[in-house]
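Okay, so here's the structure we're looking at.
The values are calculated or read from the model by the stated rules, or taken from the named source; none is laboratory data. As the structure is a prediction and not an experimental result, all values here were calculated from the model. Don't worry about glycine lacking a Cβ; one is built from the backbone with ideal geometry, like all the others, and counts go over all protein chains shown.
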Amino acid sequence: MHLVIQGATLADDDLRQLAQLAGAQRIERLSAVAYRLIGAQQRPGIAEYCARARLDFGFVPENRKLADMGLLAIDMDSTLITIECIDEIANMAGVKAEVSAITAAAMAGKLDYAESLRRRIGLLRDLDQGALARVYDERLRLAPGAETMLAAMQRAGVKTLLVSGGFSFFT
């Protein structure tokens, strides 16, 4: 197996410790923020280490190629893009704290998604539609590495699906 690690703050010490945890044979640099640990084994402690170090990781079979994948399904807000659109819209309306509280209640299971969306949209009722364009122009940015990833998917013939429970204006 290969263990692929990536993170904005990936230190050499993190790589050494993860290689030791996984019993990896060698470390290969993929980019400035990503590495492949060759010959890694799925062992206890790897997920916990990555969570503490705020690193993304995944085990990939050694013979697996990107072209073997048929579909990449990816979430939009705070995944493909760096913002939560509804929070940024709410910020422009001066109701970000209220919208965030409703979102937190929904995430805690105290409110279902449909009801939380109705309440959040209700708080944005009087906002001028131009605010959407302002959020798009001023705040919406692709996540670091997103363009590179999407280009690689396209070259490999992988179809891409963008998933969002948010606003079609932004998708």
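Rundown of residues vs (1) of a type in the set (A, V, I, L, M, F, W, C); (2) modelled with pLDDT under 90; (3) over 18 Å from the mean Cα position of the chain (by Cα); (4) surrounded by fewer than 13 Cβ atoms within 10 Å (Cβ to Cβ), yes/no style:
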{"residue": "Ala24", "(1), (2), (3), (4)": "yes, no, yes, no"}
{"residue": "Ile38", "(1), (2), (3), (4)": "yes, no, yes, no"}
{"residue": "Arg43", "(1), (2), (3), (4)": "no, no, yes, yes"}
{"residue": "Ala47", "(1), (2), (3), (4)": "yes, no, no, yes"}
{"residue": "Gly58", "(1), (2), (3), (4)": "no, no, no, yes"}
{"residue": "Pro61", "(1), (2), (3), (4)": "no, no, yes, yes"}
{"residue": "Leu66", "(1), (2), (3), (4)": "yes, yes, yes, no"}
{"residue": "Asp75", "(1), (2), (3), (4)": "no, no, no, no"}
{"residue": "Leu80", "(1), (2), (3), (4)": "yes, no, no, no"}
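Residues that are closer than 19 Å to Arg141 by Cβ, at least 3 per element: which helices (runs of 4 or more DSSP H) completely within the range 1-106 meet that?
The qualifying helices (runs of 4 or more DSSP H) are 85-93.
How many residues are part of a helix (DSSP H, G or I), touching a residue at least 12 places away in the same chain (Cβ under 8 Å) and not assigned by TED's automatic domain parsing to the domain that holds Gly165 if we restrict to the range 113-155?
Of the residues in the range 113-155, 11 are part of a helix (DSSP H, G or I), touching a residue at least 12 places away in the same chain (Cβ under 8 Å) and not assigned by TED's automatic domain parsing to the domain that holds Gly165.
As an exercise: evaluate Ala53 against (1) without any contact (Cβ under 8 Å) to a residue 40 or more places away in the chain; (2) crowded, with 16+ Cβ neighbours inside 10 Å; (3) closer than 30 Å to Leu15 by Cα; (4) small (Gly, Ala, Ser) and give the number of the one condition it does not meet.
Among (1) without any contact (Cβ under 8 Å) to a residue 40 or more places away in the chain; (2) crowded, with 16+ Cβ neighbours inside 10 Å; (3) closer than 30 Å to Leu15 by Cα; (4) small (Gly, Ala, Ser), the lone unmet condition for Ala53 is (1).
Please verify whether Ser31 is under 22 Å from the mean Cα position of the chain (by Cα), surrounded by fewer than 17 Cβ atoms within 10 Å (Cβ to Cβ) and assigned by TED's automatic domain parsing to the domain that holds Gln154, treating the condition exactly as stated.
no
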